[in-house]
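Notes follow the structure.
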Amino acid sequence: MSSSTGRRRFLGGIAAVAAGGVVTAAGPAQARASRAGRPLLLGTYTSQDGGGSGIGLATYDAHTGLITGAGTIDDVDDPSYLALHPRGHTLYAVDEAQDGGVTAVRLADRRVLGRQSTGGAGPCHLSVHPSGRWLLSANYLSGNVAVHPVAASGALGERTDLVTHSQPAPGPSQEGPHAHQIITSPDGRHVLAVDLGNDTVYTYRLDTAAGTLTQVSYASLRPGAGPRHLTFHPGGRFAYLANEVDNTVVVCAYDPPTGRLTPGEPQPTGTGSGTSYPAQMLVTAEGGFAYLANRGHNSLTRYAIEADGARLRLLDTVPVGGDFPRHIAFSPDERLLFAANQKSGSVTVFHVDHCGGGLTPAEGPAFAAPIAVCALPL
């Protein structure tokens, strides 16, 4: 844990971000200090040997990418995935256990606001609806998705819905559904859930008064694809799907009025014939480039996005500098890319060139973080 002075400095940075960023009246020295101490939140497993004791706290220099440890938010079990409330005041974490749960943490004072059951096993992903009123979570082991209400304080209420992916049948070598991700479409009209076990992406409408989900369509991938993570192009008409099992990516057309997703043909990840498990894709805000994290191959694939989002062109792969990159994330200004490397227990950082899409490793050693499975820079 950091000293009390360090904690106050870190929490002051959190409060500034939640309030809307750096105060414009600050002098040059204050602005430099703020950019040198941006918050970084880290997910881990607390129940595994070598894991952390809770949500990791760190800061990073927005110019150099240098990460400095700043303590831990304890009393949160197996926080393997993290998400921020749209207003920035509350952090949410899954509790990836057999008796799954979601936990809310008030960032201003690190107070845990409570835990709610997800009604399933092994929740591995969550997101907050753009309204800030609903938390969506995906239970991997039990293959279902849950909805929780969010109070004005950021605290969570009791679950309002739980939907199990019973159809279609599981893919090859899968014993059942495995919900791996749940997100809201860019226009806010629909909620999409990616299921690795059923090789399917489900589209729902969320009743924003009752907090219930109604399925409106689903898109099937080829058997054995193992879809894991969906990322939308900023234009809102295309999305990119990382398939964990068959080591491919797919460009999907998306129809906003109906929520219908139409997958295209699988494309290579650039990792060759060796063992590689795609984890997650990122797309730049201007929609020019996409990046894919490859576990096993331990690389980041770079794609140029063409035809207004309809086409991915493989550029190359770049070594990630760690083992098993589970999660990648941009800094808010997208000048930096962070990779949480699970097996090496490290976070590596890259400078992002938005002109050519290039990634340049930040100087200095990787930041040591126990079983690093999620990195959330603020």
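The values are calculated or read from the model by the stated rules, or taken from the named source; none is laboratory data. The model shown is predicted, which means the values in this text are computed figures rather than measured ones. Cβ placement follows ideal geometry from the backbone for every residue including glycine, while neighbour counts extend to all protein chains displayed. Note: areas computed on protein heavy atoms with side chains; ligands, DNA, RNA excluded. Shrake-Rupley method; radii C 1.70, N 1.55, O 1.52, S 1.80 Å.
What the table below lists for this structure:
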| read-out | value |
| --- | --- |
| Ordering of 254-265, 92-103 by burial proxy (mean other Cβ atoms within 10 Å per residue, highest first) | 92-103, 254-265 |
| Sequence ranges 288-294, 70-76, ranked by mean other-Cβ count within 10 angstrom, highest first | 288-294, 70-76 |
| In nm, spacing of pseudo-spin labels at residue 363 and residue 64 (7 Å Cα→C-beta vector) | 0.7 nm |
| Qualifying GluC sites (Glu not before Pro) for segment 230-313 [loop in DSSP, other Cβ within 10 Å: at most 11] | 286 |
| Distance from segment 332-378 to segment 162-178 (C-alpha centre basis), Å | 33 Å |
| Accessible area of segment 128-179 belonging to carbon and sulfur atoms, whole % at 1.4 Å probe | 52 percent |
| Total charge dipole magnitude, segment 177-274, about the Cα centre, Cβ charges on Lys, Arg, Asp, Glu only, Debye to nearest 20 | 160 debye |
| Cβ-Cβ FRET estimate between residue 47 and residue 307, R0 fixed at 45 Å, reported to 0.05 | 0.50 |
| Fully extended contour minus Cα-Cα distance, from residue 155 to residue 169, at 0.36 nm per residue | 1.4 nm |
| R0 of 25 Å, Cβ-Cβ distance residue 111-residue 334: FRET efficiency to nearest 0.05 | 0.25 |
| Backbone N within segment 242-262 under 13 Å of label point (7 Å from residue 222 Cα along the Cβ vector) | 243, 245-251 |
| Accessible area of segment 224-267 belonging to carbon and sulfur atoms, whole % at 1.4 Å probe | 53 percent |
| Estimated [θ] at 222 nm from DSSP helical runs (n ≥ 4, -39500 (n - 2.57)) normalised by residues in the chain, nearest 500 | -2000 deg cm²/dmol |
| Accessible area per residue in Å² at 1.4 Å probe, computed on the chain | 39 Å² |
| Tail fraction, Cα-Cα pairs, the chain, threshold 35 Å, whole percent | 19 percent |
